[in-house]
Amino acid sequence: MNPTGLILAAGLSRRMGFPKALLEWQGETYLDRQIRLFRAVCAEVVVVLRPGVEAQLAACHRLSEAHIVHNPDADRGQFSSLQSGLAATSAESILFSPIDYAHVAESTVNLLAIPHQAMVLQPSYHGQHGHPVRILRPVTDALLSAPVTGAARDVIRRYERAFLEVDDPGVALDADDPAAFAQLQERLA
């Protein structure tokens, strides 16, 4: 069974200065790219946004291809967005990623979508663990019942994890500010 794709895009992007969903890579916004990659292998795609930001995301052409979930507590951080997205699906398998891991290769997303026995499947590039992460329903349930003040990694580390070594630096690359984004672009050019 194909997983549900979950994209976390409700952050304020304070250090970047504008929504990371609008960053561009290879002619696509980060959000369009992740929606496209996930739609190719996922049963559905859920995007978690901060309420009222759709107008700001007019440059994202694939938003209508995803189920939009609003995180009313987005100021609480990424874990609250993960919980909002997980609460919106009853899928047995979830493939999730923060918006700023848009440089992941299509082949990596395809590999992570293949059913696996581990409760948690995470890509790894030269020992660096990254995104997207695939989790099974028991992990989803534990994440949903955890306090919002917690951290996803603390819950996830309680479960059997498998690491998929990939030749894809994109699994471990994110950008938090314009200088880091420029460096990332240069590195991958």
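The values are calculated or read from the model by the stated rules, or taken from the named source; none is laboratory data. Fair warning: this is a prediction, and the values are worked out from it, not measured in the lab. Glycine gets a Cβ as well: all are built from the backbone with ideal geometry, and neighbour counts include every protein chain shown.
Here are some notes:
- Matching residues in region 5-24 - criterion: being modelled with pLDDT of 90 or more and hydrophobic (A, V, I, L, M, F, W, C): Leu6, Ile7, Leu8, Ala9, Ala10, Ala21, Leu22, Leu23
- In region 87-100, the residues that are within 14 Å of Ala10 (Cα to Cα) and surrounded by fewer than 24 Cβ atoms within 10 Å (Cβ to Cβ): Pro98
- Flag if Ile94 is within 24 Å of Phe163 (Cβ to Cβ), among the hydrophobic types (A, V, I, L, M, F, W, C), modelled with pLDDT of 95 or more and under 13 Å from the mean Cα position of the chain (by Cα): yes
- Count - residues of region 101-121 that are surrounded by fewer than 21 Cβ atoms within 10 Å (Cβ to Cβ) and under 21 Å from Ser80 (Cβ atoms): 1
- Scanning region 122-142 for residues that are surrounded by 21 or more Cβ atoms within 10 Å (Cβ to Cβ) and either touching a His at 6+ places or on another chain (Cβ under 9 Å) or not β-branched (Val, Ile, Thr) (or both) gives Pro123, Gly130, His131, Pro132, Arg134, Leu136.
- The set of residues in region 143-189 that are loosely packed, with under 13 Cβ neighbours inside 10 Å and touching a Ser or Thr at 6+ places or on another chain (Cβ under 7 Å) comprises Val148, Glu165.
- Residues in region 41-62 that are within 15 Å of the chain's Cα centre (by Cα) and hydrophobic (A, V, I, L, M, F, W, C): Val41, Cys42, Val45, Val46, Val47, Val48, Leu49.
- The helices (runs of 4 or more DSSP H) falling completely within region 73-189 that include 1 or more residues that are among the charged types (D, E, K, R) map to 106-113, 137-145, 152-156, 178-188.
Yes or no, residue by residue, for (1) among the charged types (D, E, K, R); (2) under 19 Å from Ile94 (Cβ atoms); (3) touching a strand residue (DSSP E or B) at 6+ places or on another chain (Cβ under 7 Å):
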{"residue": "Gln128", "(1), (2), (3)": "no, no, no"}
{"residue": "Leu144", "(1), (2), (3)": "no, yes, no"}
{"residue": "Val148", "(1), (2), (3)": "no, yes, no"}
{"residue": "Val171", "(1), (2), (3)": "no, yes, yes"}
{"residue": "Leu188", "(1), (2), (3)": "no, no, no"}
